[in-house]
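To start, the structure under review is shown below, and the notes come after it.
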Amino acid sequence: MTRQEILSRLASEARPYFPRLIAAVLLGAVAGALPIVPPWALGQIVGRVIAPPHGQAPDLEFLYLALTLTFCSLALTNVATYFQTYLTAWSGQRLIATWRVRLFARVLEIPVDEYDKWRPGELISRFSSDLQMMTDAVSISLPLFFAAMVTFLVSLGYMIKLDWLLTATLVVAAPIVAYIVSTFQKLISQSTRKTQERIADLSANLTEVLQAQRVVKSFGRETFEVDRFRNRNDAYFGASMKLIQFINTQPMIVATLMALAVVVIVWLSVREVLVGRLDKSTVFTYWLLLVNLANPLNRFAQFTSDLSKATVACGRVLELLDLPPEDAGTGAPPLEIARGEIVFDDVVFGYQNSEKPALDGVSATIAAGEVVALVGPSGAGKTTLANLVPRFYRPQKGSIRVDGRDLSGVRLAELRSAIAIVPQDPQLFRTSVMENIRYGRLDATDDEVRAAAREANADEFIERFPAGYQTEVGERGARLSGGERQRIAIARAILRDPRILILDEATSALDTHSEAMIESALDRLLPGRTTIVIAHRLSTVRRADRIFYIEDGRLLEAGTQDELLALGGRYAALHAAQFST
């Protein structure tokens with residue numbers, strides 16, 4: 001997205017705030033124009049009070065009038081600047097706050113395969129550093145930039161009126177300043193983009209290591225991870241210092257050029273006074289206007305740097321906002337899953353950048369209320385097949401039907417409301433046990449939550465907590481054991497009361513007591529529901545009505561356990577390998 005496209009899009013997004021922004025512009029014009037009053041008033045004091053024309057007495061009445069005008073102009077400038085800054089900041093912050101929510105919603109709305117392309121740290125950098133750059137620009141730099149621009153133009157116009165020949169010296173410097181600012185804007189934009197990429201790398205590294213802290217410790221890789229983080233931190237430091245170098249070099253060059261122009265103008269103006277072409281009052285006014293002119297011009301470099309960085313950050317945020325969301329199927333006919341029959345018809349699916357499909361021509365039918373176990377070696381396509389049912393991914397070929405309806409044309413909300421998933425590693429939120437279970441159905445009462453917990457055999461350990469159901473589970477449920485987290489996940493599924501249930505090895509890696517509790521809970525949960533069990537251990541398939549053996553993305557065998565063992569094929573070999581003594 002080009003700079004012009006970003007600014008055009010930003011103007012379009014800011015349209016609801018135009019009334020406040022117009023008021024801010026008018027106030028900025030007042031705040032920028034009023035600083036011209038003190039130079040005029042003080043110049044007149046010199047000409048009419050301190051050094052009046054020969055033969056005239058000092059005009060003391062004008063002195064008081066001029067001082068009053070000076071005070072009022074300075075006071076009104078401060079008031080106008082305050083309200084201009086407030087209105088601009090309110091509009092900008094409101095827009096950014098709206099974008100922050102839209103950004104969060106878009107991250108949740110994008111398809112899973114699109115989400116898989118992004119690193120968590122990269123997404124976090126859009127929320128943190130990019131939005132912060134935009135916040136700083138609209139809260140500080142933008143209102144000051146506009147007021148400084150008005151002050152510059154008004155002062156320049158008055159200086160031309162007083163003496164166009166002197167002012168022509170500044171006009172000569174203008175193209176040089178414009179070229180310098182334009183060149184550094186490009187450098188700052190490029191450097192900002194590089195810096196934001198480096199901070200995204202750093203955030204991704206930090207997020208990844210914090211989530212895998214136990215793995216790091218178990219392999220003794222603390223030093224390795226510190227070195228890796230240090231390298232990325234050094235890369236960010238280098239990119240950041242390059243950006244700071246560009247940001248600080250630009251105003252230094254502009255200020256030096258302006259200092260040279262000021263020296264030349266002062267020399268010329270003194271010469272004009274000595275030859276009698278200018279009077280003392282006019283030259284004093286001109287010098288004060290020159291200060292009015294030089295101050296904003298020197299600050300333009302900083303303002304343009306901040307705005308250039310904010311433009312880059314805005315482009316990065318818009319890049320994420322513009323990602324297409326999942327097709328929610330809002331225009332599709334209503335979907336009612338009454339039975340839960342699932343039909344896979346010649347399904348082909350492959351992940352991006354994968355050389356071969358994860359599923360290749362899978363055809364199968366899971367009857368309503370049937371429990372089917374998916375077994376096979378790691379990477380065979382079991383989880384992929386299960387993930388197609390809630391339409392986390394779309395098959396490239398073939399179709400999947402539930403109760404006769406093709407999932408490619410259904411309402412996602414209705415489809416997923418009929419499905420519950422109990423993953424191998426349950427994802428709990430940093431809130432209470434009560435709210436984690438209620439996540440399955442947000443309108444559930446406390447009694448319904450407790451009833452679901454009892455059915456999941458979770459009530460027995462929850463009641464032992466001092467705070468009971470109000471116990472905070474910690475980050476990702478870190479304060480609970482694996483079995484406790486699993487039972488809360490099952491309680492959440494029970495509360496949802498789904499027609500289709502997907503279990504990803506719900507009893508793996510648990511102690512005997514937890515496994516027995518979960519097995520008992522599943523015995524109450526499964527009857528009457530169409531269930532897909534992703535089985536990594538064959539001991540968990542005992543409750544399955546049928547078994548699908550999948551290998552290399554193909555469904556090679558299907559039947560009951562007795563049928564597959566009697567067949568003596570791939571499943572029989574896998575069963576013999578796992579249960580051989």
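Worth a mention:
- Each other residue within a Cβ distance under 10 Å of Asp136 adds +1 if Lys or Arg and -1 if Asp or Glu, for a net charge of 0.
- Under 5 Å, built H, 5+ apart or other chain: amide partners of Tyr393: none
- Environment charge of Gly329, counting only residues whose C-beta is closer than 12 Å and scoring Lys/Arg +1, Asp/Glu -1: +1
- Relative to one another, the C-alpha centroids of the stretch 434-467 and the stretch 256-330 are positioned 62 Å apart.
- Considering helices alone, the calculated mean residue ellipticity of the chain at 222 nm is -20000 deg cm²/dmol, with DSSP H runs of length four and up weighted by -39500 (n - 2.57) and normalised per residue.
- At R0 = 60 Å, FRET efficiency that the Cβ-Cβ distance of Asp443 and Val275 yields, to 0.05: 0.10
- With both labels modelled 7 Å from their Cα along Cα-to-Cβ, the Leu76 to Ala576 distance reads 9.9 nm.
- The Rg/Rh ratio of the stretch 342-579, with both radii computed over alpha carbons and Rh defined as the Kirkwood radius, is 0.98.
- Taking every Cα-Cα distance in the chain and sorting them into 10 Å bins starting at zero, the pair-distance distribution P(r) comes out as 3, 12, 17, 18, 14, 11, 8, 7, 5, 3, 1, 0, 0 percent.
- Helix runs (DSSP H) in the chain reaching 18 Å along axis by Cα, Kyte-Doolittle at least 0.0: 18-33, 60-109, 142-162, 164-211, 222-274, 280-321
- Here, the stretch 340-435 yields an orientationally averaged convex hull projection of 8.0 nm² when only Cα atoms define the hull.
- Local charge for Glu414 was computed over the other residues whose Cβ lies under 12 Å away, with Lys and Arg +1 and Asp and Glu -1, and equals +3.
- Between Phe465 and Ala14, the C-beta separation translates, for a Förster distance of 51 Å, into a calculated FRET efficiency of about 0.55.
- Sorting Lys397, Lys217 from the fewest to the most surrounding beta carbons within 10 angstrom yields Lys217, Lys397.
- The mean of 1/r over all distinct Cα pairs in the stretch 239-381, once inverted, gives the Kirkwood hydrodynamic radius of 23.7 Å.
- Each Cα pair of the stretch 369-411 feeds into the Kirkwood radius, which the Stokes-Einstein equation turns, at 4 °C and 1.567 mPa s, into a diffusion coefficient of 110 µm²/s.
- Once the convex hull of all Cα atoms in the stretch 411-455 is built, its volume per residue stands at 101 Å³.
- FRET E, pair Arg102, Gln245, Förster distance 41 Å, beta-carbon r, rounded to 0.05: 0.75
- In this simple spin-label model, placing a label point 7 Å from the Cα along the Cα-to-Cβ direction at both Ser363 and Arg94 gives a separation of 6.0 nm.
- P(r) of the stretch 176-311 over all Cα-Cα pairs, binned every 5 Å from zero, in whole percent: 2, 9, 14, 12, 10, 9, 9, 8, 7, 6, 4, 4, 3, 2, 2, 1, 1, 0
Rule-based calculations on the coordinates, nothing more; no lab input. In this text, all values refer to a predicted model and were calculated from it rather than measured experimentally. Every residue, glycine among them, receives a Cβ derived from its backbone with ideal geometry; neighbour counts consider all protein chains shown.
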